[in-house]
Amino acid sequence: MKIAPYKNSETKTFDGGSAKAVTGRVVIGKADGAKNFCMRVFELGNEGFTPKHSHEWEHEIFFHQGKGQVFLNGKWNDVKAGDVAFIPEGAEHQIKNQGTENLVFVCLIPAGYPEL
């Protein structure tokens, strides 16, 4: 069992090349004994974005703070705090911050894939 502030989890920063102003944390993963899923929290800073990419696993995403856009199915879709997104396996996708505050989202992936 784990109960802890998510900000206590170690951070990894992605800033350069195909990503800008991205901070990621594995908040629940294999180190915690999670056998089925990995939960990650990402923060995209001002004008931040993830790389445009695809992979063999699905994502479930909950947007906790801010506003942004998700590239999916060949188009940009607006998102804001309280929205959810499902990214199917193999779908090309990207997330970018469109607001003045950080875009914060929780992302679940199946266990067995790279956690971060």
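The values are calculated or read from the model by the stated rules, or taken from the named source; none is laboratory data. As the structure is a prediction and not an experimental result, all values here were calculated from the model. Cβ placement follows ideal geometry from the backbone for every residue including glycine, while neighbour counts extend to all protein chains displayed. Keep in mind that these areas ignore ligands, DNA and RNA; they rest on the heavy atoms of the full protein, side chains included. Shrake-Rupley method; radii C 1.70, N 1.55, O 1.52, S 1.80 Å.
Structure summary
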| read-out | value |
| --- | --- |
| Residue match in the range 96-107 (condition: β-branched (Val, Ile, Thr), assigned to a strand (DSSP E or B), under 24 Å from Lys30 (Cα atoms) and in contact (Cβ under 8 Å) with a residue 40 or more places away in the chain) | yes |
| Subset of the range 75-90 [under 16 Å from His53 (Cβ atoms) and either crowded, with 16+ Cβ neighbours inside 10 Å or at pLDDT below 95 (or both)] | Ala85, Ile87 |
| Search result, residues across the range 55-83 that are of a type outside the set (Val, Ile, Thr) and within 15 Å of Leu108 (Cα to Cα) | His55, Glu56, Trp57, Glu58, His59, Glu60, Phe62, Phe63, His64, Asp83 |
| Tally, over the range 91-105, of residues that are at pLDDT 95 or above, of a type outside the set (S, T, N, Q), open to solvent by less than 20 Å² (accessible area, probe 1.4 Å) and farther than 21 Å from Glu56 by Cα | 2 |
| Flag if Thr50 is open to solvent by less than 70 Å² (accessible area, probe 1.4 Å) and in contact with an Asp or Glu (Cβ under 6 Å, 6 or more places away or on another chain) | no |
| Count - residues of the range 1-36 that are among the hydrophobic types (A, V, I, L, M, F, W, C) and surrounded by 14 or more Cβ atoms within 10 Å (Cβ to Cβ) | 8 |
| From the options Glu56, Glu47, residue that is touching a Phe, Trp or Tyr at 6+ places or on another chain (Cβ under 9 Å) and closer than 21 Å to Ser18 by Cβ | Glu56 |
| Qualifying positions in the range 53-71 - more than 14 Å from Gly99 (Cα to Cα) and either buried (at least 19 other Cβ atoms within 10 Å of the Cβ) or basic (Lys, Arg) (or both) | His59, Ile61 |
| Selected residue (only one of Gly112, Gly45 is without any contact (Cβ under 8 Å) to a residue 12 or more places away in the chain and either open to solvent by 20 Å² or more (accessible area, probe 1.4 Å) or under 21 Å from Val26 (Cβ atoms) (or both)) | Gly112 |
